[in-house]
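This report concerns only the one structure given below.
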Amino acid sequence: MMKKKLILSFFLAALGFGVVKAQDLPDKKETLKTVTKVNDYFMKKYADYRTPSFVKNVTRPSNIWTRGVYYEGLMALYSVYPRDDYYKYAVDWSNYHEWGFRNGTTTRNADDYCASQTYIDLYNICPDPERIRKVKANIDMLVNTPQVNDWWWIDAIQMGMPVFAKLGKLTGEQKYFDKMWDMYEYTRNKHGENGMYNSKEGLWWRDQDFDPPYKEPNGKNCYWSRGNGWVYAALVRVLDEIPTNEKHRADYINDFLTMSRAIKNCQRTDGFWNVSMHDESNFGGKETSGTALFVYGMAWGVRNGLLDRKEYLPVLLKAWNAMVKNAVHPNGFLGLVQGTGKEPKDSQPVTYDKVPDFEDFGVGCFLLAGSEVYKLN
């Protein structure tokens, strides 16, 4: 009788373990359904990829950073769900802009050459030299000139840094990895006197305007969630490209791990992150773009064994499920996205129904997150 009880207990425990394991991850079909719904809404609304934006009385072409980030997300989605219309949408956009940038190949502005990330991805699918001719001309110019202070705002780290990593991997030339480190290290440690990164708190100031003595209303340092999300995503995108023996890989990993701990400790109880990571009273509330970037980074970290699964999987899944439930409309519109800006007060209020001034980059962040969640096993 005792033996039967033990067997029954073991069976129930095993069954319970199986239930827990099954609930660890969302259903892959449902995840893909959600991600494709959000993307299809965007592609239908912005079917004419040529249309420039007109925001705050400024006309901007559709190959600036906001659309560049969208296409990063689309290429991530294409890598797990290669629909022909996704590829065509990316190629047609690239062809229209002649595989180039606002302000041409002499631009030093990472917001301009962010589009290179997609151009390189498309080259890797179909290696037509014209697809990266301007990319290489632009980045070679940056490599061949001494300036390392171009990334003076931390958003630029995500817009620009992965381009160097992708080009270094593609060509096998160390010079791209070296210049990438020099620019990153300057922003991290030197810009604004002491650098934009606070290694003690594991988070980044957006630019030197937010360095101490600048404080949030509650007296703490100002860490903007999407700005930190940009850096977090950049580290992931770089680590995904550079060789395992690259001389600064350990430095990037260390920053990624330190940021991961800091980000985890700032999560709201509902799964989202506030726009102000250390001051929930300063325009606090659910926000999708920063949350999505954190999910993207954590999911990649768990999948690649850099982050402890037991510790970080519940954090990222809580955030992912919160976005799916609270931000995704039935028709695929993505709500709770803070529009463009540089700090918590910008583009407020952030609400479920409000259309941000640029819809594209928030969708891109969500596609990056969803594609990584989909890959989890």
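For Ser79 and Lys354 in one chain, what is 0.36 nm times their gap in residues minus the Cα-Cα distance, to one decimal in nm?
96.0 nm
Restricting to Cα atoms and excluding each atom paired with itself, what does the Kirkwood estimate give for the stretch 183-225 in Å?
10.4
May I ask you to derive the relative contact order of the stretch 130-240, considering only C-alpha pairs under 8 Å and at least 6 residues apart, and to give it as an integer percent?
28
Just Thr34, Thr118, Thr171 to compare: in a GNM of the chain, with alpha carbon springs under 10 Å, which one fluctuates most?
Among Thr34, Thr118, Thr171, the largest GNM mean-square fluctuation belongs to Thr171.
Would you mind pulling out the separation of the Cα centroids of the stretch 235-282 and the stretch 314-377, in Å?
So the two Cα centres are separated by 18 Å.
Any idea of the accessible area per residue across the chain, 1.4 Å probe, to the nearest Å²?
43
Take the Cα radius of gyration of the stretch 95-227 and divide it by 2.2 N^0.38 Å, with N its residue count; two decimals is plenty. Walk me through the numbers on the way to the answer.
On the way: Rg = 16.4 Å, N = 133, 2.2 N^0.38 = 14.1 Å.
Relative to the rule-of-thumb radius for its length, the stretch 95-227 sits at 1.16.
I need to check one value: relative contact order of the chain, counting alpha carbon pairs closer than 8 Å and at least 6 residues apart, in percent.
Computed value for the chain: 19 percent relative contact order.
What ranking, highest mean first, results for peptides 363-370, 202-209, 145-152, 330-337 when packing means the other Cβ atoms within 10 Å averaged over each residue? Please report the intermediate quantities before stating the final value.
On the way: 363-370: 29.5, 202-209: 20.5, 145-152: 14.0, 330-337: 18.9.
My ranking of the peptides, most packed first, is 363-370, 202-209, 330-337, 145-152.
Amide H neighbours of Leu203 under 5 Å, at least 5 residues apart or on other chains, H built in the peptide plane: list them.
Placed amide hydrogens put Asn198 under 5 Å from Leu203.
From the phi of every residue in the stretch 331-339, what ³J(HN,Hα) in whole Hz does the Karplus formula 6.51 cos²θ - 1.76 cosθ + 1.60 yield, where θ is phi - 60° and glycine or proline is x?
8, x, 4, 9, x, 6, 9, 6, x
Just name one of Met277, Thr31, Val163: the one whose Cα is farthest towards the positive end of the charge dipole of the chain (beta-carbon charges, Lys/Arg +1, Asp/Glu -1).
Farthest towards the positive end: Thr31.
Eight or more residues apart or on different chains, and alpha-carbon atoms under 18 Å: count the Lys pairs in the stretch 260-377 matching that.
13
Please report, as a whole percent, how much of the solvent-accessible surface of the chain comes from carbon and sulfur atoms (probe radius 1.4 Å).
Solvent-exposed carbon and sulfur of the chain make up 53 percent of the total.
Over 5 Å intervals from 0, what percent of Cα-Cα pairs in the stretch 123-162 sits in each interval?
So the P(r) values, bin by bin, are 6, 18, 21, 24, 16, 10, 5.
The values are calculated or read from the model by the stated rules, or taken from the named source; none is laboratory data. These numbers come from a predicted model, not from an experiment. Neighbour counts run over all protein chains shown; Cβ positions are idealised from the backbone, glycine included. To get the accessible areas, we keep the full protein, side chains included, count just its heavy atoms, and leave off ligands, DNA and RNA. Shrake-Rupley method; radii C 1.70, N 1.55, O 1.52, S 1.80 Å.
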